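The values are calculated or read from the model by the stated rules, or taken from the named source; none is laboratory data. Source: prediction; values computed, not measured. Because the Cβ atoms are built from the backbone with ideal geometry, glycine has one as well, and the counts that use them run over all protein chains shown. Areas reflect the complete protein model, heavy atoms only, side chains present, ligands, DNA and RNA absent. Shrake-Rupley method; radii C 1.70, N 1.55, O 1.52, S 1.80 Å.
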Amino acid sequence: MIELRNVHKAFGSKHVLRGIDLSVDQGRSLVIIGGSGTGKSVTLKCILGLIRPDAGEIIVGGEPVTTARSAKAREAFLARFGMLFQGAALFDSMPVWQNVAFRLMRGHLKRPKAEAREIAVAKLQRVGLGPDVADLYPAELSGGMQKRVGLARAIAADPEIIFFDEPTTGLDPIMAGVINELIREIVTEMGATAITITHDMTSVRAIADEVAMIHAGKVRWSGPIAKMDAATDPYLQQFITGSAEGPIETLR
Amino acid sequence: METLISPLALLGRRSLAAFAAIGRVALFFLSTLSHMARPPFYFKELLQAIISIGYFSLPVVGLTAIFTGGALALQIYSGGARFNAEAVVPQIVAIGMVRELGPVLVGLMIAARVTSSVAAEIATMKVTEQIDALVTLSTDPMKYLTVPRVLAALITVPLLVALGDVVGIMGGFLVATERLGFNPAGYLQNTWDFLEALDIISSLVKGAVFGGISALMGCYYGMNSGRGAQGVGRATKSSVVAAAVLILAANFLLTQAFFTI
Ligand SMILES: Nc1ncnc2c1ncn2[C@@H]1O[C@H](COP(=O)(O)OP(=O)(O)O)[C@@H](O)[C@H]1O
Ligand SMILES: [Mg+2]
């Protein structure tokens with residue numbers, strides 16, 4: 001479904017991605033783990049075409065994404081995706097429900113305002129937010145609530161591919177559990193393909209079919225979740241156990 | 001941190017950078033035009049931009065114009081007195097406001113008020129990934145953010161200039177009739193008889209061009225903002241400086257085009 005081959009990306013002299021190889025099959029849930037600043041978010045943005053890789057191939061549904069396309073083809077491509085940004089990236093000029101229903105209020109998915117609002121309220125409910133939140137502005141919400149609104153926006157149009165960038169960061173453990181369950185449901189019920197970035201090992205175990213660990217711009221380890229604990233890779237083990245001792249450098 | 005280098009090298013480096021920037025701005029302008037011509041069109045955003053750029057600029061334009069018109073009348077009266085030409089106040093105020101001061105001052109006020117806020121808003125959207133979010137929601141930021149603001153400025157700034165011209169002439173009128181002893185009816189008659197169609201057309205054209213420059217610079221620097229709060233600050237500052245300099249340069253070129261025959 002989604003495949004990355006030898007993807008490189010540098011910002012100035014900072015070489016962030018140094019040959020990423022990844023793949024996810026349709027209807028599967030891949031979780032990407034790895035230290036901060038290792039290029040996990042950049043990887044997702046490359047797949048969406050928000051960042052153009054310097055080298056390598058990215059293939060979605062059999063088609064390379066890097067080739068120039070018409071505006072129409074690009075819109076059709078993006079219509080298949082939902083994305084939760086790390087910082088939620090809500091539009092602060094509009095109330096919460098219009099954020100969630102953004103895609104349902106323009107373009108070819110456009111529908112009547114009342115219906116769009118109804119869907120938005122239903123999606124907010126799914127992420128544990130009541131209808132009273134719908135008319136607030138993003139700036140009036142806590143970070144965790146913004147994150148959940150971002151999640152509701154990502155799933156609003158029932159996309160077939162969904163990216164979650166740190167969906168549970170900043171949430172209390174109970175709400176994190178709710179979100180983990182929701183992501184699992186979206187994959188199993190809707191048959192969506194999901195890529196989730198997280199630092200939270202509880203999340204990893206709850207969400208993942210497959211796990212990939214990125215370190216130093218490359219995929220250090222990847223495989224099914226069942227094999228993760230038995231894997232002998234010292235980098236992966238250090239990350240799983242959260243130990244300060246190990247091959248991953250910690251500056252202290 | 002920029003290390004200290006010789007002024008000549010700095011000048012060379014700056015001019016190279018300036019040429020590259022002019023090229024990028026020109027491309028941005030062409031891209032805006034091509035997006036303007038093709039659907040989808042966002043009318044609600046256009047209306048919002050018209051209100052925030054046009055309507056909310058009314059007070060600042062009015063105040064700028066009335067004081068300038070008044071000061072102009074005083075200056076021309078005292079300057080004219082040196083060669084017994086005090087009587088030309090209505091004519092010179094009219095031509096000075098309509099051809100030059102109306103468009104330039106309104107343009108600069110729009111650069112201060114609109115360019116800065118557009119740049120800061122779009123740059124903030126950029127650093128908080130809202131622009132990326134727009135793209136992933138199948139909405140082109142050029143169409144959704146840039147086109148409505150540029151169109152709104154092209155529509156409203158000529159009207160603001162027209163208003164500034166009238167209010168400026170009124171300012172001159174008030175000072176001339178209340179303080180300098182001019183006859184009100186004669187003052188208005190002289191103003192009206194003296195102005196030509198070309199004066200007014202040039203004023204409106206300048207308004208459109210300066211408005212377009214203001215909105216375009218705000219959008220361009222916003223969209224190309226660096227990361228973080230520092231990036232937003234730098235984008236805002238650069239956008240206002242660029243808009244002001246371009247407005248003054250364009251004013252010279254337009255004046256030359258209209259009035260040297
Ligand atoms: N647009 C950009 N311009 C310059 N540097 C960037 C940009 N986006 C990300 N980076 C840099 O790339 C590195 C990886 O970023 P990111 O993918 O966000 O890390 P993470 O793995 O924590 O998600 C960071 O050092 C970041 O500063
Ligand atoms: Mg990240």
Revision key, fill the gap. Residues in region A:85-109 that are in contact with an Asp or Glu (Cβ under 6 Å, 6 or more places away or on another chain) and either more than 7 Å from every other protein chain (Cβ to nearest Cβ) or in a helix (DSSP H, G or I) (or both) total 2
Study note, to complete from the structure: Of all helices (runs of 4 or more DSSP H) fully inside region B:102-156, the set with 2 or more residues that are under 11 Å from the mean Cα position of the chain (by Cα) and without any contact (Cβ under 8 Å) to a residue 60 or more places away in the chain is B:102-110
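Matching residues to (1) of a type in the set (A, V, I, L, M, F, W, C); (2) more than 14 Å from chain A (Cβ to nearest Cβ):
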{"site": "B:41", "(1), (2)": "yes, no"}
{"site": "B:52", "(1), (2)": "no, no"}
{"site": "B:62", "(1), (2)": "no, yes"}
{"site": "B:73", "(1), (2)": "yes, yes"}
{"site": "B:101", "(1), (2)": "yes, yes"}
**Study point:** Pick from region A:24-53, criterion in contact with a Lys or Arg (Cβ under 9 Å, 6 or more places away or on another chain) and of a type in the set (S, T, N, Q), ranking: nearest to ligand 2 (Cβ to nearest atom)
**Key:** A:43
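Quick grid of which residues meet (1) open to solvent by less than 40 Å² (accessible area, probe 1.4 Å); (2) more than 29 Å from residue A:7 (Cβ to Cβ):
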{"site": "A:61", "(1), (2)": "no, no"}
{"site": "A:71", "(1), (2)": "no, no"}
{"site": "A:82", "(1), (2)": "yes, no"}
{"site": "A:98", "(1), (2)": "yes, yes"}
Review point. Quick one: which of A:225, A:207, A:179 is away from ligand 2 (no atom under 16 Å from the Cβ) and out of contact with any strand residue (DSSP E or B) (no Cβ under 6 Å at 6 or more places or on another chain)?
Key: A:179
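Might you let me know whether region B:107-121 holds any residue that is open to solvent by less than 20 Å² (accessible area, probe 1.4 Å), facing chain A (nearest Cβ under 9 Å) and polar (S, T, N, Q)?
Our first condition is that a residue be open to solvent by less than 20 Å² (accessible area, probe 1.4 Å); within region B:107-121, this holds for B:107, B:110-111, B:114-115, B:118-119.
Restricting the remaining residues to those that are facing chain A (nearest Cβ under 9 Å) gives none.
Checked region B:107-121: no residue is open to solvent by less than 20 Å² (accessible area, probe 1.4 Å), facing chain A (nearest Cβ under 9 Å) and polar (S, T, N, Q).
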**Study point:** region A:142-157: number of residues that are away from chain B (no Cβ under 14 Å) and either at pLDDT 95 or above or loosely packed, with under 15 Cβ neighbours inside 10 Å (or both)
**Key:** 1
Review point. Of the residues in region A:220-242, how many are free of Cβ contacts under 8 Å to residues at least 24 places away in the same chain, closer than 18 Å to residue A:38 by Cα and part of a loop (DSSP other than H, G, I, E, B)?
Key: 1
Review point. Does residue A:35 qualify as being of a type outside the set (Ser, Thr, Tyr), outside any helix (DSSP H, G or I) and within 11 Å of ligand 1 (Cβ to nearest atom)?
Key: yes
Exercise for review: Might you let me know whether region B:48-67 holds any residue that is out of contact with any helix residue (DSSP H, G or I) (no Cβ under 7 Å at 6 or more places or on another chain), free of Cβ contacts under 8 Å to residues at least 24 places away in the same chain, open to solvent by 70 Å² or more (accessible area, probe 1.4 Å) and not in a helix (DSSP H, G or I)?
Suggested key: no
Practice item. Being in contact with a strand residue (DSSP E or B) (Cβ under 6 Å, 6 or more places away or on another chain) and of a type in the set (Ser, Thr, Tyr) is the filter; apply it to region A:1-41 and report the residue that is modelled with the lowest pLDDT. Key: A:38
